[in-house]
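These notes are about the structure you will find just below.
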Amino acid sequence: MVNSSIRYGARIRKQYKAVQKEKNAQYKCPSCGKTKVQRISTGIWQCSHCGKVYAGGAYTFTTPAGESAVRQISNMSAQKQAG
Ligand SMILES: [Zn+2]
């Protein structure tokens, strides 16, 4: 049990690191196509090129359609193969 709780803690730290990285990352703007979308507040993302504001995830920018759905589907099929 001790070992598993240590592993769990490391996993949280890893996730936290990933969140911090994504929080500061720039994302592609669905409107103008420039990689200029930055998090300006929790769940609020703005493109510094065209100024368009998006409501996204708290720490990651999610495009309205396509990308995230594709990623979810590929995750699902990967899990199917593993299980
Ligand atoms: Zn833009």
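Every number here is computed from the coordinates shown, using simple stated rules; none is lab data. All figures in this text were calculated on a predicted structure; none of them were measured in a lab. Positions of Cβ are backbone-derived with ideal geometry, glycine not excepted, and every protein chain shown enters the neighbour counts.
The phi-based Karplus calculation (6.51 cos²θ - 1.76 cosθ + 1.60; θ = phi - 60°) puts the 3J(HN,Hα) values of region 40-54 at 9, 7, 4, x, 10, 10, 9, 8, 7, 8, 9, x, 6, 9, 10 Hz, whole numbers, x for Gly and Pro. Applying 1/(1 + (r/R0)^6) with R0 = 25 Å to the Cβ-Cβ distance of Ile44 and Arg13, what FRET efficiency is obtained, to the nearest 0.05? Calculated transfer efficiency: 0.40.
The charge dipole of region 9-59, taken about its Cα centre with unit charges on the Cβ of Lys, Arg, Asp and Glu (plus for the first two, minus for the last two), comes to roughly 240 debye.
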